Amino acid sequence: MYNSFNRVQNVFGFFTTVACVFGAFIAATDLFSPRNPAADISPDNIQVVKGRPHYYSNKKEEYAVLRFSLDADLSSLFTWNTKNLFVFVTADWPGPDNTTNSAVIWDTIITNPSADHLLNIGPATLKKLRRSSAGKSIDPSRGKLKLKNQKPKYQITHPSGKIALTQDVTLKLHYNVQPWVGLLTWNMPKDLFLWKTMAGGESNKIALPALKVKESKDNTKSQVKAKAKA
C-alpha cells in the first residue's frame, strides 16, 4: 500500500501534468488570433554634439540626439493571453565586415488592462486606466501610439567616440510580446498563420549631420561689431 507521502507525490505529479498541458493549450491559442501590426516612423530633428552623453561618462565624446515621429497600431498584438507589450525604437547603421550597429533611443511598456497594477504609476492614473477599460476585454486604444517630434530617452553613441557624418542610419520599431503563459515573442520575421509581419516600422535611410560646434564668445562679439559697423 502507498503511504501518505507517496499519495501526495502522485497528486502533485498529476496536478503539474494537467497544469503544463493546460498552459501549452493557452500558449497555442496565440497562433489563432489575427495579428497585423503596422507602423510609420520618420526622423524629425537630428543633432550631433560633443559632451558627456550620460551622467556617469568620464570623458567627452560625440553623440547624436535624434527626435522622431511615430504612428503605430499594435493593438492587434493584445489578446487575452497578453500580459504586456514592450516597444522600443532603434537606430541602425552598417558597420565593418557586414556587421550592423544598433542603438536603442526610446522605449515604453504597454500593459494589458488586467496587468495595470504592475505599472509604477500613481493611484489616480491607475483608477483612470481601470475606468477606461471597464467592460472591455481589451481596450481598443491599447497599443496605438501617435508621437510627434518625440524626444529620445537615450543618445546614440559609438565606442570610437565618433558618430558625426555616419551614413545609412535607419530607424526601426521593435516589439516584444510578453504573455501570461507561453514564450516571449519578438518581431515576426515572416508570417506565421494569422500572425503577420509588421507593415512598415522602418524609416528611410538618413545621414547624421556634422558635429555642431558652439561659437565662442570672442567670435560672437566680433560678429556683432562687424554688423554694427556695416
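The values are calculated or read from the model by the stated rules, or taken from the named source; none is laboratory data. Source: prediction; values computed, not measured. Please note: Cβ atoms are built from the backbone with ideal geometry, for glycine as well, and neighbour counts cover all protein chains shown. The area values use the complete protein model at the heavy-atom level, side chains included, leaving out ligands, DNA and RNA. Shrake-Rupley method; radii C 1.70, N 1.55, O 1.52, S 1.80 Å.
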Efficiency by 1/(1 + (r/R0)^6): what FRET value for Ile109 and Ala210, r their Cβ-Cβ distance, R0 = 35 Å, to the nearest 0.05?
0.45
Ranking Pro34, Gly182, Pro140 by how far each Cα lies towards the positive end of the charge dipole of the chain (+1 on Lys and Arg Cβ, -1 on Asp and Glu Cβ), the top one is Pro140
Calculate the spin-label point distance for Leu192 paired with Ala38, positioning each point 7 Å from the Cα along the beta-carbon direction, and give it in nanometres.
2.3 nm
Within the under-10-Å Cβ sphere about Ala39, not counting Ala39, Lys/Arg +1 and Asp/Glu -1 give a net charge of -3
Order 93-106, 55-68 from most to least packed using the mean count of other Cβ atoms within 10 Å.
55-68, 93-106
Simple Cβ-charge dipole of the stretch 35-213, Lys/Arg +1 and Asp/Glu -1, about Cα centre, in debye nearest 20:
700 debye
Taking the structure as given and computing semi-axes √(5λ) of the Cα gyration tensor in Å, which label from [x] 38, 17, 15; [y] 29, 21, 17; [z] 48, 21, 19 fits?
[z]
Filter Lys151/Lys196; Lys153/Lys205; Lys50/Lys162 down to the pairs with a C-alpha to C-alpha distance above 18 Å, please.
Lys151/Lys196; Lys153/Lys205
Keeping the other protein chains in place, figure out the carbon and sulfur percent of the accessible area of the stretch 35-213, with a 1.4 Å probe.
52 percent
Lys and Arg at +1, Asp and Glu at -1: add these up for the other residues within a Cβ distance under 12 Å of Pro179 and post the number.
0
Sorting Ser114, Thr166, Val65 by the position of each Cα along the dipole of the chain (Lys, Arg +1; Asp, Glu -1; all at Cβ), the one nearest the positive end of that ordering is Val65
Simple SL model, points at 7 angstrom along Cα→Cβ for Asn149 and Thr29; separation in nm is 4.5 nm
